[in-house]
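S.K.: Please read through the structure below; I'll follow up with questions.
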Amino acid sequence: MTTATLPDTHADRGPGWFRRNRRTLAPWLFLAPGVVFFLFYVVFPVFQSFQISFYRWDGLSDPQYVGLANYRELATDRAFEVSVWNNFKWLLLYLLAIPGGLFIALFLNQTVTGIRVYKSLFFFPFVISQVVVGLVFTWFYDPTFGLLNTMLQGIGFGPVNVLGDPTLATYGIIAAGLWPQVAYCMILFLTGLNAVDPEQVEAARLDGARGVRMLWYIILPQLRPATFIAFVVTIIGALRSFDLISIMTNGGPFGSTRVLSFYMFEKALSEYGFRMGYGAAIAVVLFLIMLCFIAYFLWSMWRQEQGR
């Protein structure tokens with residue numbers, strides 16, 4: 001009488017199984033280190049910030065649970081209100097980098113004499129650090145020897161202390177931030193223009209499309225992925241602006257150039273603060289504002305994809 005033998009499932013898990021499934025496993029093995037780092041350094045700190053925002057903590061002693069007290073204090077904090085308003089100024093004016101980058105990309109996409117020199121000049125702001133940009137514009141705005149005031153005096157105007165005027169300082173810093181951001185958007189659109197279908201362009205020319213009509217109906221629809229990335233990166237850059245403010249004004253004059261990220265740093269980590277819970281509450285508000293904008297653009301892109 002013969003006995004039935006069960007298949008050895010462990011044998012199927014040997015080296016032969018890995019060879020048969022290596023195409024499926026290989027992407028996950030390459031992604032695994034990045035996913036682990038993302039979870040550990042991004043996702044976990046986000047949830048930890050939410051948790052710390054409900055405590056009063058100086059970073060050394062035992063944290064004390066205070067519930068929503070930090071958020072209630074934010075509602076009456078004048079400096080927080082100024083920071084939020086400045087963040088929206090950054091957001092609205094920073095979006096000028098997108099059309100600016102698009103028009104420069106359209107110019108650089110042509111075959112004209114010296115185009116490589118032009119590309120290098122427009123690309124240069126992107127490769128230098130924000131610290132260098134801040135120092136360059138600080139010297140540019142200097143009321144005694146800065147190039148801006150030298151030009152103003154040349155046409156009969158008096159010196160203007162841009163970074164010393166509470167009404168002008170934020171706009172001066174935003175202008176400095178636009179310089180490298182326009183270059184970054186230009187690179188995104190140049191990459192997108194290389195993927196534009198030349199057959200569609202030629203067909204549109206045969207139908208009489210020129211200039212603005214060609215741009216609106218033929219070029220821009222094919223630049224949607226690049227435009228989406230430009231919007232997301234520009235919005236994130238505007239909401240988390242910190243470097244230029246720290247270098248150019250350090251939040252002054254009189255706290256008029258603070259934004260949420262800089263105010264969070266002041267409250268949580270600078271010599272004025274060590275209020276970790278309050279700083280975490282500011283970080284949570286900034287995160288939620290950023291999340292709303294990104295979610296809206298993702299939803300818009302999903303609707304456009306569904307409508308195809």
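The values are calculated or read from the model by the stated rules, or taken from the named source; none is laboratory data. Predicted model only: the values in this text are computed from it and were never measured. So basically every Cβ, Gly included, is an ideal-geometry build from the backbone, and we count neighbours across all protein chains shown.
S.K.: Which residue, of TYR94, TYR71, TYR41, is in contact with a Ser or Thr (Cβ under 8 Å, 6 or more places away or on another chain) and within 30 Å of PRO125 (Cβ to Cβ)?
M.R.: TYR94
S.K.: Which residues, counting only those in the stretch 47-65, are surrounded by 12 or more Cβ atoms within 10 Å (Cβ to Cβ), assigned to a helix (DSSP H, G or I) and among the hydrophobic types (A, V, I, L, M, F, W, C)?
M.R.: Within the stretch 47-65, PHE50, ILE52 meet the criteria.
S.K.: Just give me the residues in the stretch 27-44 being of a type in the set (Gly, Ala, Ser) and either touching a residue at least 60 places away in the same chain (Cβ under 8 Å) or surrounded by 10 or more Cβ atoms within 10 Å (Cβ to Cβ) (or both), in sequence order. Give the derivation first.
M.R.: Looking only at the stretch 27-44, we keep the residues that are of a type in the set (Gly, Ala, Ser), and these are 32, 34.
Passing the criteria: only ALA32.
S.K.: When both residues are 6+ apart or on different chains and their Cβ atoms are under 6 Å apart, which pairs have a first residue that lies in the stretch 275-302 and is at negative phi, and a second that is at pLDDT 90 or above and of a type in the set (Lys, Arg)?
M.R.: ARG275/LYS267; GLY277/ARG56; TYR278/LYS267; GLY279/LYS267
S.K.: Within the stretch 80-95, is even one residue farther than 19 Å from GLY273 by Cβ, touching a Pro at 6+ places or on another chain (Cβ under 8 Å) and in a helix (DSSP H, G or I)?
M.R.: no
S.K.: Taking ALA209 and the conditions (1) surrounded by 15 or more Cβ atoms within 10 Å (Cβ to Cβ); (2) in contact (Cβ under 8 Å) with a residue 12 or more places away in the chain; (3) out of contact with any Asp or Glu (no Cβ under 9 Å at 6 or more places or on another chain), which numbered condition does it fall short on, given that it satisfies the others?
M.R.: Checking ALA209 against (1) surrounded by 15 or more Cβ atoms within 10 Å (Cβ to Cβ); (2) in contact (Cβ under 8 Å) with a residue 12 or more places away in the chain; (3) out of contact with any Asp or Glu (no Cβ under 9 Å at 6 or more places or on another chain), the one that fails is (2).
S.K.: Which one of these is within 22 Å of LEU215 (Cα to Cα) and either surrounded by 19 or more Cβ atoms within 10 Å (Cβ to Cβ) or more than 21 Å from the chain's Cα centre (by Cα) (or both): MET151, MET186?
M.R.: Result: MET186 is the single residue among MET151, MET186 that is within 22 Å of LEU215 (Cα to Cα) and either surrounded by 19 or more Cβ atoms within 10 Å (Cβ to Cβ) or more than 21 Å from the chain's Cα centre (by Cα) (or both).
S.K.: Checking the conditions here, which among PHE157, PHE122, PHE137 is among the hydrophobic types (A, V, I, L, M, F, W, C) and closer than 20 Å to ALA238 by Cα?
M.R.: From the options PHE157, PHE122, PHE137, the qualifying one is PHE137.
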